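Notes to accompany the following structure.
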Amino acid sequence: MRKSLVFVALTAAAIAAIVGFSAKLTPAGTQRKPARAPAGIHQIKHVVVIMQENRSFDHYFGTYPGADGFPRSANGELAVCVPDPAKGACQRPYHDTRDLNSGGPHGEANAIADLNGGQLNGFIAEAELARHKGCKKNPNDPICSQRPTSPDVMGYHDGSDIPNYWAYARNFVLQDHMFEPNASWSLPAHLFMVSEWSARCSRAGDPMSCVNALQNPASPKGLGTPDYAWTDLTYLLHAHHVSWRYYVFSGTEPDCENDAMICESVQQGATTPGIWNPLPYFDTVKQDGERQNVTSLSKYFQAAKVGALPAVSWIDPTGSVSEHPPGLVTAGQAYVTRLVNAAMRGPAWKSTAIFLAWDDWGGFYDHVSPPSVDQNGYGFRVPAMVISPYARKGFIDHQTLSFDAYVKFIEDDFLGGRRIDPRTDGRPDPRPDIREEEPILGTLVRDFNFRQKPRPPLVLDPRPRTDLH
């Protein structure tokens with residue numbers, strides 16, 4: 001464990017017993033001085049986090065010029081070949097022009113197997129095994145039409161397939177070392193996105209009963225629904241009168257409830273908490289009376305149009321536009337483009353920053369081993385961009401980042417540098433560390449030039465010409 005945590009109103013002995021380590025502790029009640037806000041950051045009045053599904057960085061940007069993409073040999077050929085047990089050979093990355101991609105399984109065990117001690121050679125084997133099991137149960141699923149001996153985890157797309165995503169990269173900021181904060185699937189990723197932890201709590205309403213749970217955050221005993229008792233970011237936002245909304249696209253959940261690759265659709269909406277809509281299950285949201293801040297996606301478009309976006313927005317897609325199979329790549333790109341266009345056309349564009357990312361690698365190959373920061377992560381790289389009138393044009397950010405950097409930026413911009421930290425936030429929980437303070441975590445401020453004149457919008461056609469079919 002890398003950092004000691006001091007919990008307000010608990011003795012040092014009690015803390016050591018609960019957390020399981022002994023260290024020099026700061027006296028109870030001591031307040032850590034918040035970090036000074038980076039110069040210019042307050043020109044951003046609105047942060048919009050757009051999260052999509054199931055793509056690795058190499059899958060979308062492995063051939064992007066100047067990025068840390070696929071390794072190449074001296075003659076320019078892709079110098080990667082991953083074992084394919086079904087064929088008894090290996091498979092190289094290939095340009096995949098199919099609009100429907102299946103990828104592979106992407107839970108904690110799959111992340112470990114894909115990484116395989118740093119060899120990065122388990123992707124095909126994991127996909128073949130998962131598809132075989134899934135298609136035996138659901139043979140009519142679109143994924144099952146692909147030959148089981150040829151999973152598409154080694155496929156990649158380029159600028160001819162996803163022209164709008166590449167246009168955003170050329171005109172704004174592409175981050176080529178953005179790692180999923182956790183080495184697991186969608187639910188833990190979204191818990192980290194809003195709270196910096198994924199846990200399982202044994203007593204409802206008791207943050208100190210929560211224990212680390214990377215793969216299966218579950219309900220307390222005796223309860224039929226999850227109770228997320230630890231502290232999330234909205235607790236600090238509410239305490240400091242910072243507005244927020246979590247916009248939900250009504251339809252179906254983008255992922256499977258049990259982290260399977262193939263499953264029956266589950267309905268979602270603003271009033272139906274789930275794996276992509278976790279905030280209503282947080283005690284803090286209920287206690288602060290802010291469940292109404294989880295609302296429909298139509299409210300986002302209305303707010304963007306009149307310049308009434310909150311300080312912090314998260315946006316949850318429906319399955320068909322999430323890019324999670326069987327969602328199409330083109331459908332996802334069109335949806336994201338409409339979200340970005342709405343912000344750009346609105347009167348608040350000159351003070352807005354859009355953080356666009358994909359929540360996990362989806363089983364697709366990536367050639368970079370994630371750094372290990374604690375028992376939870378990081379996970380594999382995912383595509384990520386910063387879109388803003390102050391974003392540096394055509395900049396490729398090589399910093400080590402995770403979704404923790406989004407939380408850190410929000411805290412620096414709107415909370416005076418305060419962190420979700422049991423030593424200072426007045427709401428103790430036994431999280432293993434303070435993710436925003438991870439030494440290797442970069443800062444998103446470097447992706448902006450706050451001295452430049454705000455750049456005009458780049459409004460794109462949601463349905464551009466593409467080679468996907």
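Pop out the carbon and sulfur fraction of the accessible area of the chain as a percent, whole number, probe 1.4 Å.
Carbon with sulfur: 53 percent of the solvent-accessible area.
Report the charge-dipole magnitude of segment 323-379 in Debye, nearest 20, computed about the Cα centre from +1 at each Lys and Arg Cβ and -1 at each Asp and Glu Cβ.
So the magnitude is around 480 debye.
Per residue, what accessible area does the chain have, given a 1.4 Å probe and all protein chains present, in Å²?
Value returned for the chain: 37 Å² of accessible area per residue.
Which whole-Hz couplings ³J(HN,Hα) result when phi for each residue of segment 288-294 is put into the Karplus expression 6.51 cos²θ - 1.76 cosθ + 1.60, θ = phi - 60°, listed in order with x for Gly and Pro?
Along segment 288-294, the couplings run 7, x, 10, 5, 5, 6, 8 Hz.
For a Förster distance of 56 Å, can you work out the FRET efficiency between the beta-carbons of K87 and N216, rounded to the nearest 0.05?
The pair K87/N216 has a calculated efficiency of 0.95.
Hey, rough spin-label estimate for S243 and A39, points 7 angstrom out along Cα→Cβ, what's it come to in nanometres?
About 3.0 nm separates the two model spin labels.
How large is the Rg to Rh ratio of segment 218-347 when both quantities use alpha carbon positions and Rh follows Kirkwood?
Working: Rg = 15.7 Å, Rh = 15.8 Å.
Rounded to two decimals, Rg over Rh is 0.99.
Considering the zone a paramagnetic label at Y94 would reach in this model (a point 7 Å from Cα along the Cα-to-Cβ line), which residues of segment 111-125 have amide N under 17 Å from it?
Once the point is set 7 Å along Cα→Cβ of Y94, 123-125 turn out to lie under 17 Å by backbone N, inside segment 111-125.
Quick one: order T271, T295 from most to least accessible surface, probe 1.4 Å.
Descending accessible area places them as T271, T295.
What 222 nm value per residue comes from the helices of the chain, counting each DSSP H run with n ≥ 4 as -39,500 (n - 2.57) and dividing by all residues, nearest 500 deg cm²/dmol?
Mean residue ellipticity at 222 nm (helix-derived): -6500 deg cm²/dmol.
Using label points projected 7 Å from each Cα along Cα→Cβ, tell me how many nm separate R446 and K299, to one decimal.
A separation of 3.7 nm, rounded to one decimal place.
With θ set to phi - 60°, apply the Karplus curve 6.51 cos²θ - 1.76 cosθ + 1.60 along segment 418-431 and write out the HN-Hα couplings as whole Hz, x wherever there is a Gly or Pro.
Working through the residues one at a time gives 5, 10, 6, 9, x, 6, 10, 8, x, 9, x, 8, x, 4 Hz.
Starting from the amide H of G363, placed 1.01 Å from N in the peptide plane, find each other amide H under 5 Å away whose residue is 5 or more places distant or on another chain.
Under 5 Å from the amide H of G363 lie the amide H atoms of G104, each far enough along the sequence or on another chain.
Take the Cα pairs of segment 353-439, get the Kirkwood Rh, then feed it into Stokes-Einstein at 4 °C and 1.567 mPa s and tell me D in µm²/s.
Rounded to a whole number, D works out at 86 µm²/s.
In 10 Å bins starting at 0, how do the alpha-carbon pair distances of the chain split up by percent?
4, 21, 32, 26, 13, 3, 0
What relative contact order, as a whole-number percentage, does the chain give when Cα pairs under 8 Å and 6 or more residues apart are counted?
After rounding, I find 28 percent.
Farthest toward the dipole's positive end in the chain, which of F249, A39, M178, given Cβ charges of +1 (Lys, Arg) and -1 (Asp, Glu) about the Cα centre?
Comparing the listed Cα positions along the dipole, A39 ranks first.
If amide hydrogens are placed 1.01 Å from N in the peptide plane, which non-local residues have theirs closer than 5 Å to the one on A384?
The list, which skips near neighbours in sequence, is Q175.
Based on the Cβ-Cβ distance from V459 to A109, what FRET efficiency comes out when R0 is 35 Å, to the nearest 0.05?
Step by step, r from the Cβ atoms, then E = 0.20.
Starting from the Cα-Cα distance between Q267 and S73, subtract it from 0.36 nm times their residue separation and give me the gain in nm to one decimal. Mind showing how you got there, number by number?
Numbers: separation 194, 0.36 × 194 = 69.84 nm, distance 4.71 nm.
Full-extension gain reported as 65.1 nm.
The values are calculated or read from the model by the stated rules, or taken from the named source; none is laboratory data. As the structure is a prediction and not an experimental result, all values here were calculated from the model. Glycine also receives a Cβ, built like all others from the backbone with ideal geometry; neighbour counts cover every protein chain displayed. Remember, those area values only see protein heavy atoms, side chains included, never the ligands or the DNA or RNA. Shrake-Rupley method; radii C 1.70, N 1.55, O 1.52, S 1.80 Å.
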